[in-house]
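*Asks:* One structure follows; several queries about it will come next.
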């Protein structure tokens with residue numbers, strides 16, 4: 001098969017691209033931006049690389065058509081591994097007349113457009129949080145909805161990815177509600193991913209959703225047709241502190257649910273897939289439990305991204321990328337097996353709350369060991385400066401894999417290791433003047449001095 005992957009060029013995308021190129025029997029091409037890192041560029045020869053704008057459907061189509069004529073090639077498969085390219089890929093596949101593709105309508109009914117996803121599930125009677133759509137000129141509408149719910153809520157951009165700009169809001173005044181919304185919008189501006197170069201934040205449209213307490217879970221897999229769903233695995237996520245919604249870790253397989261609950265969740269995810277009409281794609285469905293029943297957070301029309309997909313592969317008996325491409329083939333075919341797989345994996349990232357400082361000491365790989373685990377530690381380096389632009393910053397990440405331990409046992413080992421490793425990091429946080437200007441701290445200091453001066457002046461006037 002001749003396969004065209006529409007994808008971004010950031011290094012976190014390298015795993016599925018590398019695995020795709022390794023598979024025998026396929027010719028794999030990549031349509032991406034000119035910001036492609038050298039690690040990815042080396043995977044593809046020049047005649048299999050299309051430099052384009054994968055976030056602009058018209059330019060994407062023009063460049064791919066031009067390439068096809070020049071190289072005299074016709075693609076059998078057009079797909080993507082990246083959330084922000086799902087609907088552009090669907091438009092391209094439709095234009096090229098690809099038969100086995102995710103239809104444009106159904107591509108838009110995923111987390112690529114969270115509002116259309118919610119509306120379709122509401123129409124189908126699928127259990128999900130209550131929600132309302134609004135824009136930055138309709139904050140009053142959002143606040144009225146929030147007051148009617150009488151519960152905490154989530155604000156999230158309809159077209160954003162990676163939870164950028166999302167905010168949790170508990171009991172607050174109207175002024176507090178507006179302040180938190182603008183903070184989320186400012187975060188969306190400060191966050192960076194390549195696709196945001198083509199994203200007009202001023203046109204942001206938001207959802208306000210009922211917040212569901214509890215753990216975040218995912219069930220992932222591939223779909224040939226809506227009734228032909230193959231699961232590749234499940235995961236539970238470790239989330240950062242509110243009000244931000246950051247995924248700081250994940251564990252495979254799910255240890256917090258019974259086998260009966262997991263099967264009920266799989267049935268629920270199949271209902272969601274059928275309602276949305278997803279086909280010829282991967283999927284990543286995130287949900288929480290409400291009174292023991294699954295309730296969808298969102299579903300993507302692509303395989304899980306980042307390090308999660310790599311984790312799925314580590315604990316799978318099958319080659320997941322080969323399984324994914326098999327949905328585009330005729331009939332059933334034998335999928336390549338993964339010879340060296342693990343029973344469980346747990347990944348977590350540790351953040352520091354030091355606003356500004358210099359790293360003086362760190363933990364090393366010699367500091368973490370366990371006889372039943374394969375452990376990988378990646379950390380910030382000595383001499384690096386922890387900045388002041390965000391409240392928290394990445395300190396280290398810890399990945400554990402085991403062929404004998406359950407995921408529940410792995411989590412307990414990871415917590416103990418993370419605690420002991422964190423104690424080995426020393427950051428001098430009194431270097432503001434020598435390193436750089438902490439503008440937030442400087443402004444607070446100036447305000448404090450002005451208030452103090454006015455108070456003294458007031459006292460002097462009263463006495464006189």
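The values are calculated or read from the model by the stated rules, or taken from the named source; none is laboratory data. Everything numeric here is computed off the predicted structure, so don't read it as measured data. Glycine gets a Cβ as well: all are built from the backbone with ideal geometry, and neighbour counts include every protein chain shown.
*Asks:* If I filter the range 403-422 for residues that are modelled with pLDDT under 95, exposed (fewer than 15 other Cβ atoms within 10 Å of the Cβ), more than 21 Å from the chain's Cα centre (by Cα) and part of a strand (DSSP E or B), do I get at least one hit?
*Replies:* No; the residues of the range 403-422 include none that is modelled with pLDDT under 95, exposed (fewer than 15 other Cβ atoms within 10 Å of the Cβ), more than 21 Å from the chain's Cα centre (by Cα) and part of a strand (DSSP E or B).
*Asks:* Name the residue that is modelled with the lowest pLDDT, counting only residues in the range 369-393 that are surrounded by fewer than 20 Cβ atoms within 10 Å (Cβ to Cβ), touching a strand residue (DSSP E or B) at 6+ places or on another chain (Cβ under 6 Å) and more than 23 Å from residue 315 (Cα to Cα).
*Replies:* Per the criteria, the residue is 392.
*Asks:* Right, something else. Would you mention how many residues in the range 216-243 are surrounded by 14 or more Cβ atoms within 10 Å (Cβ to Cβ), part of a loop (DSSP other than H, G, I, E, B) and either at pLDDT 90 or above or in contact with a strand residue (DSSP E or B) (Cβ under 7 Å, 6 or more places away or on another chain) (or both)?
*Replies:* Of the residues in the range 216-243, 4 are surrounded by 14 or more Cβ atoms within 10 Å (Cβ to Cβ), part of a loop (DSSP other than H, G, I, E, B) and either at pLDDT 90 or above or in contact with a strand residue (DSSP E or B) (Cβ under 7 Å, 6 or more places away or on another chain) (or both).
*Asks:* Kindly check whether there is at least one residue in the range 331-342 that is in a strand (DSSP E or B), more than 21 Å from residue 399 (Cα to Cα), more than 23 Å from the chain's Cα centre (by Cα) and not assigned by TED's automatic domain parsing to the domain that holds residue 157.
*Replies:* Applying the first criterion (in a strand (DSSP E or B)) to the range 331-342 yields 337.
If we keep only those that are more than 21 Å from residue 399 (Cα to Cα) as well, we get 337.
Cutting the leftovers down to more than 23 Å from the chain's Cα centre (by Cα) gives us 337.
Filter once more, so that each one left must be not assigned by TED's automatic domain parsing to the domain that holds residue 157: 337.
Yes.
*Asks:* Here is a further query. Is it the case that residue 165 is under 18 Å from the mean Cα position of the chain (by Cα) and modelled with pLDDT under 90? Break it down into steps so the answer makes sense when it comes.
*Replies:* On the way: under 18 Å from the mean Cα position of the chain (by Cα): yes; modelled with pLDDT under 90: yes.
Yes.
*Asks:* Being part of a strand (DSSP E or B), at pLDDT 90 or above and surrounded by 23 or more Cβ atoms within 10 Å (Cβ to Cβ): is that true of residue 287 here? Don't jump to the end; show me each part of the working.
*Replies:* On the way: part of a strand (DSSP E or B): yes; at pLDDT 90 or above: yes; surrounded by 23 or more Cβ atoms within 10 Å (Cβ to Cβ): yes.
It is true that residue 287 is part of a strand (DSSP E or B), at pLDDT 90 or above and surrounded by 23 or more Cβ atoms within 10 Å (Cβ to Cβ).
*Asks:* Could I ask something else about it? Scanning for something buried (at least 16 other Cβ atoms within 10 Å of the Cβ), in contact with a strand residue (DSSP E or B) (Cβ under 8 Å, 6 or more places away or on another chain), assigned by TED's automatic domain parsing to the domain that holds residue 319 and in a loop (DSSP other than H, G, I, E, B), does the range 290-301 turn up at least one residue? Walk me through how you get there before you give the answer.
*Replies:* Residues of the range 290-301 buried (at least 16 other Cβ atoms within 10 Å of the Cβ): 294-301.
In the following step, the residues that additionally are in contact with a strand residue (DSSP E or B) (Cβ under 8 Å, 6 or more places away or on another chain) were identified as 294-301.
Going one step further and asking which of them are assigned by TED's automatic domain parsing to the domain that holds residue 319, we end up with 294-301.
Pick out the ones that are also in a loop (DSSP other than H, G, I, E, B) and you get 301.
Yes, the conditions are met somewhere in the range 290-301.
*Asks:* While we're on this one: Could you please find all residues in the range 91-109 being surrounded by fewer than 24 Cβ atoms within 10 Å (Cβ to Cβ), within 24 Å of the chain's Cα centre (by Cα) and assigned to a loop (DSSP other than H, G, I, E, B)? First the steps, then the outcome.
*Replies:* Pass one, the range 91-109, residues surrounded by fewer than 24 Cβ atoms within 10 Å (Cβ to Cβ): 91, 94-101, 103-106, 108.
Next cut, within 24 Å of the chain's Cα centre (by Cα) only: 91, 101, 103-106, 108.
Result: 101, 103.
*Asks:* Go through (1) part of a helix (DSSP H, G or I); (2) surrounded by fewer than 21 Cβ atoms within 10 Å (Cβ to Cβ); (3) in contact with a strand residue (DSSP E or B) (Cβ under 9 Å, 6 or more places away or on another chain) one by one and return the number of the condition residue 14 breaks.
*Replies:* Condition not satisfied by residue 14: (3).
*Asks:* Related question: Quick one: count up the residues across the range 110-135 that are part of a loop (DSSP other than H, G, I, E, B), surrounded by fewer than 17 Cβ atoms within 10 Å (Cβ to Cβ) and touching a strand residue (DSSP E or B) at 6+ places or on another chain (Cβ under 8 Å). Walk me through it before giving the result.
*Replies:* If we filter the range 110-135 for residues that are part of a loop (DSSP other than H, G, I, E, B), which is where we start, we get 110, 125-130.
After this cut, where a residue has to be surrounded by fewer than 17 Cβ atoms within 10 Å (Cβ to Cβ) as well, the list is 125, 127, 130.
So of that shortlist, the ones also touching a strand residue (DSSP E or B) at 6+ places or on another chain (Cβ under 8 Å) come out as 127, 130.
Final tally of qualifying residues: 2.
*Asks:* Still on this structure, I have one more. Here's a check for you: in the range 29-70, which residue that is surrounded by fewer than 15 Cβ atoms within 10 Å (Cβ to Cβ) and under 22 Å from the mean Cα position of the chain (by Cα) is nearest to residue 194 (Cα to Cα)?
*Replies:* Among those that are surrounded by fewer than 15 Cβ atoms within 10 Å (Cβ to Cβ) and under 22 Å from the mean Cα position of the chain (by Cα), it is 35.
*Asks:* If residue 332 satisfies every condition in (1) in contact with a strand residue (DSSP E or B) (Cβ under 7 Å, 6 or more places away or on another chain); (2) modelled with pLDDT under 95; (3) farther than 28 Å from residue 126 by Cα but one, which is the exception?
*Replies:* (1)
*Asks:* Next up: Would you be able to tell me the number of residues in the range 59-90 that are farther than 15 Å from residue 32 by Cα, in contact with a strand residue (DSSP E or B) (Cβ under 8 Å, 6 or more places away or on another chain) and not in a strand (DSSP E or B)?
*Replies:* Looking only at that region, the number is 4.
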